[in-house]
1. Would you call ALA7 surrounded by 11 or more Cβ atoms within 10 Å (Cβ to Cβ), assigned to a helix (DSSP H, G or I), at pLDDT below 95 and hydrophobic (A, V, I, L, M, F, W, C)?
2. So, in segment 14-49, how many residues would count as being surrounded by 11 or more Cβ atoms within 10 Å (Cβ to Cβ) and either of a type in the set (Lys, Arg) or part of a helix (DSSP H, G or I) (or both)?
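The values are calculated or read from the model by the stated rules, or taken from the named source; none is laboratory data. Since this is a predicted model, take the numbers as computed values, not measurements. Glycine also receives a Cβ, built like all others from the backbone with ideal geometry; neighbour counts cover every protein chain displayed.
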Amino acid sequence: MDTREDALKLAQETIKLLLECGTNIDELYRRFRELRLLEDTLSFQTALLHVEHAFFMLVQSTNILKEQLKLLEVAAKKGEIQ
């Protein structure tokens, strides 16, 4: 069964959702960063910094997923999915 066409459609849908989600994630990250910069308590600043770091890791994972989806598209067009 050749699933290339379905995989390409699903990849395109996923990339679209990742872009929409990315905008929301960026806004949330900025809000947490602003709170950290305004916070007086060092221990809570640290907790907020950990949240910022988690957002960074989320963005990195999202970027890796987007890259893999693009590679999937290339492979599907070349017929080289293994």
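1. Numbers: surrounded by 11 or more Cβ atoms within 10 Å (Cβ to Cβ): yes; assigned to a helix (DSSP H, G or I): yes; at pLDDT below 95: yes; hydrophobic (A, V, I, L, M, F, W, C): yes.
For ALA7, the condition - surrounded by 11 or more Cβ atoms within 10 Å (Cβ to Cβ), assigned to a helix (DSSP H, G or I), at pLDDT below 95 and hydrophobic (A, V, I, L, M, F, W, C) - is met.
2. The number of residues fulfilling the criteria is 22.
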